[in-house]
Amino acid sequence: MMGGMAREETRTSMSTPIRRTPPGGPAAGDGAHPSPRAWAARLLMAGIVLAALNLRPAITSLGALLEEVRDGLGMSAGLAGLLTSVPPLCFAVFGITAPRLARRFGPAAVVCAGMAAIAAGLAIRPYAGGTAGFVAASALALMGIAVSNVLMPVIVKRHFPDRVGSMTGLYSMALALGTSTAAAVTVPMTDALGGSWRTGLAVWAGLAAAALLPWLPFVRQGRVAGTGAEKAAGTAPGAVAPGEAGAPAARPLLPITRSRTAWALAVFFGLQATAAYITMGWMAQIFRDAGVPAATAGLLLAVTMVMGVPLSFVIPRLATRLPRQGPIVVVLGVCGLAGYAGLYLAPAAGAWAWALLLGISNCAFPLALTMVGMRARTGAGVVRLSAFAQSTGYLISIPGPLLVGVLYQHSGGWGLPLALMAALMIPQTVVGVLAGRDRTVEDETAAR
C-alpha cells in the first residue's frame, strides 16, 4: 500500500512542480498563517463534495418519475427517449465552454454559477408548463452540471496534485451518493409530499442552493480562487508554468486532437456515458414493465447508483497505482454484459443481481475521470483533455437513450434495446483498454 502511495505521489509530482496551495493562500510564507490555509483547503474540499452531490439528481430523479412525467406532459415513449438524450447533449454543448469561462472568471466562480443554474433549473422545470418549458428549464440545470463536470478534475489537479486519486475518488463517491439518493427517495418523497411529481422533482433545487455556500468566499477572489497554483508560479490562469516538464513556451494551447489517447479516452467516456444515461433514464421502466412495483423499481435503480459510492473511492485509487488501467476496464465491461443478459432473461426474478452488476459496470465513469488526470502531465493539459474528452464523449452518447426509446416504442419490448446496450459494451471495453495505456497526451502531440 505504501509503495502504491509513493507511485501516486511520484506520478502527480511529475505532472506539476508546484506544491499544493489552498485557494487564496500566499505564495510564500506557508508557515506564517497555517490556520487560514488549512481552513481554505477544507472549505474547498467541502465545496467539491457538495457540488458533486448535485451533478446527477436532476437526471435520476426524473428517471424515477419518468412515467408520471410522461403522463403529466402527454409525451410518447419516443419523445421521452429524446428527453433522456438532453443531458448528454447539454453536457457536450456547454462543457466545451468551461475552459474559456474558467480562464476569464476562475474555476471557482464558474462552479458557483453552475450550482446557481442547477438550483434555478430544478425549481422552474416542473412548473414551466408543457414539454418545451420542461426541456428548457432542464437545459438550464444541465448547463450548470456540464461546466462543473469539466472543472472538477481541473480543480483537483491544481489544488490537490499529491492526492489526485483519493480526491477524485472522494468527489466521484459524492457524485454516486447524490445519484443513488435521488433515485431511491424521489418516489417515496413525492408520495409523502402529496403525490405530485412536480413537487417531487422541484425539491432537489434545495440541495443545489446549499452547494453555493462553500464557493462564495472563493468567488470574491476572482481568478485567484481557482488558480492559486498559477499565481504562485507567476503564470496566467489556464497557462502552462514555464518550469513544467514537457511544456513548450511557444505552444500555450495543446493540440489535443492529435493525440490518439485523447480520442480513445473521449470515445470511452462517450460509450460509458451512453450506458449510464440509458440506465438512469430507462432501467426503472424496464423493471416496472416486468411487474416490479414503482417504489421497488426506484430502489433497484438506487442500488445500481449506490454501488458507485464505495467503488468510486476504491477504483480511482487502484487506477493510480497501476501503470495500465485496461484490466479494470475489462472487469467493468464483463459485469455490464452479464447485467444486460440478466435483464433480458429474468428481469424480475434476478432484479437485485442485475442491479448490482450494472452498478459495478457504471463505475467506468470515475475510472474515466481518473484517467483524465493521469493521461495529461501538465495543468493546462488536464484542462484541455477534460474538456475534449467530456464534450466529445457526451456528443457520442446523445443517440443512445433516444434509440432505446424508439426501439422500445416500435418493438413493444426490451429485447432490441438490451441487445443494443450489450453491443455497445464491446467497443467501450476496447477503447478503454487503449485509453488506459501508460502515456500522456503531451508526449503524443509532441511526437506527432
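So how exposed is residue 433, as accessible area in Å² (1.4 Å probe, rounded to 10)?
60 Å²
Which order do the peptides 282-291, 344-353, 109-118 come out in when sorted by mean C-beta neighbours inside 10 angstrom, highest first?
109-118, 282-291, 344-353
Rg and Dmax in Å for region 270-313, alpha carbons only: what are they?
Final numbers for Rg and Dmax: 11.4, 34 Å.
Using the eigenvalues of the Cα gyration tensor, what equivalent ellipsoid semi-axes result for region 337-407 when each is taken as the square root of five times the eigenvalue, whole Å, largest first?
For region 337-407, the ellipsoid semi-axes come out as 32, 17, 6 Å.
Normalised by the empirical 2.2 N^0.38 Å for globular proteins, what value does the Cα Rg of region 132-226 take?
Against the compact-globule rule of thumb, the ratio is 1.31.
Ordered by residue, what ³J(HN,Hα) values in Hz, to whole numbers, does region 157-165 give under the Karplus form 6.51 cos²θ - 1.76 cosθ + 1.60, where θ = phi - 60° and Gly and Pro are x?
4, 7, 9, 9, x, 8, 9, 4, x
Using a 1.4 Å probe, what is the accessible area per residue for region 325-448, in Å²?
Per residue, region 325-448 has 35 Å² of solvent-accessible surface.
Express in Å², to the nearest 10, the accessible area of residue 410 obtained by rolling a 1.4 Å probe over the protein heavy atoms while all chains stay in place.
Near enough 150 Å² of accessible area.
Between region 310-334 and region 394-448, how many Å separate their Cα centres?
With region 310-334 and region 394-448 each reduced to a Cα centre, they are spaced 18 Å.
For 331, 267, write out the residues from largest to smallest accessible area, computed with a 1.4 angstrom probe and no ligands counted.
Ranking 331, 267 by accessible area, largest first, yields 331, 267.
Charges only on Cβ, +1 for Lys and Arg, -1 for Asp and Glu: so what's the dipole of region 76-206 about the Cα centre, in debye to the nearest 20?
The dipole of region 76-206 has a size of about 460 debye.
Kindly write out, for region 117-124 in residue order, the coupling ³J(HN,Hα) from the Karplus curve 6.51 cos²θ - 1.76 cosθ + 1.60 (θ = phi - 60°), rounded to whole Hz, with x marking Gly and Pro.
Once rounded to whole Hz, the list reads 5, 4, 4, 5, x, 5, 6, 8.
Could you derive backbone 3J(HN,Hα) for region 415-428 from the dihedral phi with the Karplus parameters 6.51, -1.76 and 1.60 (θ = phi - 60°), listing whole Hz in sequence and x where the residue is Gly or Pro?
Karplus-based 3J(HN,Hα) across region 415-428 equals x, 5, x, 5, 5, 4, 4, 5, 5, 6, 5, 5, x, 4 Hz.
Probe of 1.4 angstrom, ligands and nucleic acids ignored: what's the accessible area per residue over region 52-115, in square angstrom?
For region 52-115, the solvent-accessible area averages 31 Å² per residue.
How large is the charge dipole for region 279-421, taken about the Cα centre, if only the Cβ atoms of Lys, Arg (+1) and Asp, Glu (-1) carry charge, to the nearest 20 debye?
Charge dipole, region 279-421, about its Cα centre: 620 debye, nearest 20.
The values are calculated or read from the model by the stated rules, or taken from the named source; none is laboratory data. What you see is a predicted model; the values in this text were computed from it and never measured. Don't worry about glycine lacking a Cβ; one is built from the backbone with ideal geometry, like all the others, and counts go over all protein chains shown. The protein model used for the area step is the full one, side chains on, heavy atoms only, and it has no ligands, DNA or RNA in it. Shrake-Rupley method; radii C 1.70, N 1.55, O 1.52, S 1.80 Å.
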